[in-house]
Amino acid sequence: MALAPMAGITDSAMRQICREYGADVVYSEMASVSALYFKPEKTLALVKFNRKERPYVVQLFGNNPEHFAKAAQIITKSIKPDGIDINFGCPAKKVFSHGSGCALMPQKELARKIILAVCENTTLPVSIKIRAGLREMSALHFIENIKDLPFYAVMIHGRTYEGSFSGVVDFKIVEEIKKIIPQKIVLANGGITNPVQAAKILEDYPLLDGLGVARGVLGKPYLFSQIKEFLKKGKRTEYNFKKIKKIAIRHAELLYKNKKRFGMLEIRKHLVWYFKGFPGAAELRKKLVQVKSIGEIKKVLSSVK
């Protein structure tokens, strides 16, 4: 069960919370290989991690094999994570328009050069993140093109580029990819939001090695433990307001420790996700998006009966 990478979301605090609640492996936010190539200091600060996050994978994005090679060397030496992941799946306009992320999937030779550049410049396991397809290039064709390369694992988002974050999720294509590369780890990703659904995916597609969960854990980092409990016992622990409040405060404390005042601005979006769906949640969220300290968060939440 992996916490899939999300830009602006999967920072150290989020990764620690998800590890505490059952994630087996966590990924960094996307790190630019060009930034690492020219001015690495800021990007290295972005991907630094706490040892409690292990196993921890740094995800890289870009479109220049030379930059990927140098970035892999820098990450391996300076950060020392448990793996390096290459992003071939991001559909975000600012990434795609620069020829990175999902835009790389149809570029067969460039994709091979990038994977080789990373594999040849690190001693760490290398994985890749792709989508179900982009126009005429399906994930199956993409994998056929690179199956001989020495990458270790692949996470496939079951939606195409055109499907973005709301289209139909095709998990069958993920299992078909496992048949092409049976010796490699294959994880399915996309639209996973609850334990019953996760269990059904693993039941329907038994060849899969696991799942990558992304937006389904926004405000619900405990989803990992719920999935594992449901797979083992056929039931799940429900999280009431009291339990969620405890997790949210813990998340806020980690963010403050890592980012100080800026962390108190970032926690606001997480608080909105944590307390969505409760009676009176709209009024509560109006207060939470204005908090400036841990004390204010505790005060607002303690006022709720």
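The values are calculated or read from the model by the stated rules, or taken from the named source; none is laboratory data. Values in this document were obtained by computation on a predicted structure and should not be read as measured data. Note that each Cβ is placed from the backbone with ideal geometry, even for glycine, and that neighbours are counted across all protein chains shown.
With respect to (1) buried (at least 19 other Cβ atoms within 10 Å of the Cβ); (2) aromatic (Phe, Trp, Tyr); (3) out of contact with any Asp or Glu (no Cβ under 7 Å at 6 or more places or on another chain), the lone exception for residue 96 is condition (1).
Residue by residue, here is whether (1) more than 17 Å from residue 15 (Cα to Cα); (2) more than 20 Å from the chain's Cα centre (by Cα) holds:
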{"site": "39", "(1), (2)": "yes, yes"}
{"site": "44", "(1), (2)": "no, no"}
{"site": "52", "(1), (2)": "no, no"}
{"site": "64", "(1), (2)": "yes, yes"}
{"site": "70", "(1), (2)": "yes, yes"}
{"site": "75", "(1), (2)": "yes, no"}
{"site": "83", "(1), (2)": "no, no"}
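Scanning the stretch 229-244 for residues that are at pLDDT 95 or above and in contact with a helix residue (DSSP H, G or I) (Cβ under 6 Å, 6 or more places away or on another chain) returns 230, 231, 244.
Table: residues versus (1) on the phi < 0 side of the Ramachandran plot; (2) among the small types (Gly, Ala, Ser); (3) in contact with a helix residue (DSSP H, G or I) (Cβ under 8 Å, 6 or more places away or on another chain).
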{"site": "162", "(1), (2), (3)": "yes, no, no"}
{"site": "166", "(1), (2), (3)": "yes, yes, no"}
{"site": "173", "(1), (2), (3)": "yes, no, yes"}
{"site": "194", "(1), (2), (3)": "yes, no, yes"}
{"site": "201", "(1), (2), (3)": "yes, no, no"}
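Does at least one position in the stretch 210-225 carry a residue that is in contact with a helix residue (DSSP H, G or I) (Cβ under 6 Å, 6 or more places away or on another chain) and of a type in the set (S, T, N, Q)? No - not one qualifying residue is present in the stretch 210-225. Evaluate the stretch 193-200: report whether one residue or more is under 24 Å from residue 28 (Cβ atoms) and not charged (D, E, K, R). There is at least one residue in the stretch 193-200 that is under 24 Å from residue 28 (Cβ atoms) and not charged (D, E, K, R). For residue 117, state whether it is more than 22 Å from residue 7 (Cα to Cα) and at pLDDT 95 or above. For residue 117, the condition - more than 22 Å from residue 7 (Cα to Cα) and at pLDDT 95 or above - is met. Just one of the listed residues (94, 129) is closer than 21 Å to residue 4 by Cβ, assigned to a helix (DSSP H, G or I) and under 20 Å from the mean Cα position of the chain (by Cα), and it is 94.
All of (1) closer than 24 Å to residue 185 by Cα; (2) of a type outside the set (Lys, Arg); (3) surrounded by fewer than 19 Cβ atoms within 10 Å (Cβ to Cβ); (4) over 15 Å from the mean Cα position of the chain (by Cα) hold for residue 24 with one exception: (4).
For the stretch 170-203, the set of residues classified as among the basic types (Lys, Arg) and surrounded by fewer than 18 Cβ atoms within 10 Å (Cβ to Cβ) consists of 172, 179, 200, listed by residue number.
For every residue, the table says whether it meets (1) touching a residue at least 40 places away in the same chain (Cβ under 8 Å); (2) of a type outside the set (D, E, K, R).
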site: 213; (1), (2): yes, yes
site: 229; (1), (2): no, no
site: 250; (1), (2): yes, no
site: 278; (1), (2): no, yes
site: 284; (1), (2): no, yes
site: 291; (1), (2): no, yes
site: 299; (1), (2): no, no
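Within the stretch 134-155, restricting attention to residues that are in contact (Cβ under 8 Å) with a residue 40 or more places away in the chain and farther than 20 Å from residue 120 by Cα, the residue that is surrounded by the fewest Cβ atoms within 10 Å (Cβ to Cβ) is 140.
Is it the case, given these coordinates, that residue 19 is over 17 Å from residue 79 (Cα atoms) and modelled with pLDDT of 95 or more? Yes: the conditions hold for residue 19. Within the stretch 188-201, residues that are over 16 Å from residue 168 (Cβ atoms) have Cβ atoms under 6 Å from residues that are in a loop (DSSP other than H, G, I, E, B) in these pairs: 195/236; 198/192, counting only partners at least 6 apart in sequence or on another chain.
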